[in-house]
Amino acid sequence: MRHGNKNNALGRKKAHREALLSNLACSLIEHKRINTTLAKARALRRYVEPLMTKSKDDSTLNRRTVFSYLQNKEAVTELFREVAPKIAARPGGYLRIIKLGNRLGDAAEMAMIELVDFNTLYTKETKDAGAAKKTRRGRKPATKSAEGAEAPKAGGEAKAE
């Protein structure tokens, strides 16, 4: 029975699994997007998201804790310098997993895992949609009516003088 056993062994012993997840995490932080199997992507999400939460607070303790998981100075530096400022406002859910279909060789389910805030396709659309919503609320017509109301006042004042 597997009561309370939450980790996916991925067909490996503990040391091999930790090395695999560490290397996948370093590659993900470096490239912002990687292709892997669906099972590895799901295991990687559980491994990396707590590290990204720790990276929001740049302290020596957090850097050492993250380094103990990643074992790569460049990855730790990039996580704290470039990734952490972008995810600072996000309360969680830093990664997105997109299923890609089956691999030709062994029909394994493939997936792309990426950092949510580094995909410019989705972030640009949300910014444009937010700007469009603001104009629909009537802010532009309000400024036009305010300009139109100011112009007659100025003309009225000129006539009075």
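The values are calculated or read from the model by the stated rules, or taken from the named source; none is laboratory data. Here the structure is a predicted model, which is why all the values come from computation and not from measurement. Methodologically, a virtual Cβ is constructed for each residue, glycine included, from the backbone with ideal geometry; neighbour enumeration extends over all protein chains shown.
Just one of (1) modelled with pLDDT under 95; (2) among the polar types (S, T, N, Q); (3) surrounded by 14 or more Cβ atoms within 10 Å (Cβ to Cβ) fails for residue 27. It is (1).
Consider segment 3-31. How many of its residues are part of a loop (DSSP other than H, G, I, E, B) and charged (D, E, K, R)?
Quick first cut of segment 3-31, residues part of a loop (DSSP other than H, G, I, E, B) only: 3-13.
From what's left, charged (D, E, K, R): 6, 12-13.
The qualifying residues number 3.
When segment 5-35 is examined, which residues are found to be in contact with a helix residue (DSSP H, G or I) (Cβ under 7 Å, 6 or more places away or on another chain) and more than 20 Å from residue 117 (Cβ to Cβ)? Break it down into steps so the answer makes sense when it comes.
Residues of segment 5-35 that are in contact with a helix residue (DSSP H, G or I) (Cβ under 7 Å, 6 or more places away or on another chain), as a first pass: 8-10, 12, 21-22, 24-26, 28-30, 32, 34.
Listed by number, the residues that qualify are 8, 9, 10, 12, 21, 22.
There is at least one residue in segment 105-119 that is within 24 Å of residue 15 (Cβ to Cβ), surrounded by 13 or more Cβ atoms within 10 Å (Cβ to Cβ), out of contact with any Pro (no Cβ under 9 Å at 6 or more places or on another chain) and of a type in the set (A, V, I, L, M, F, W, C). Within segment 64-82, the residues that satisfy the criterion of being in contact with a helix residue (DSSP H, G or I) (Cβ under 8 Å, 6 or more places away or on another chain), part of a helix (DSSP H, G or I) and either over 13 Å from residue 51 (Cα atoms) or in contact (Cβ under 8 Å) with a residue 24 or more places away in the chain (or both) are 69, 70, 73, 74, 75, 78, 79, 80.
Picking from residues in segment 94-132 that are of a type in the set (S, T, N, Q) and modelled with pLDDT under 95, the one that is nearest to the chain's Cα centre (by Cα) is 119. The condition of being aliphatic (A, V, I, L, M) and either outside any helix (DSSP H, G or I) or crowded, with 16+ Cβ neighbours inside 10 Å (or both) does not hold for residue 61.
Checked across segment 49-61, the condition of being over 17 Å from residue 117 (Cβ atoms) and of a type in the set (A, V, I, L, M, F, W, C) holds for at least one residue.
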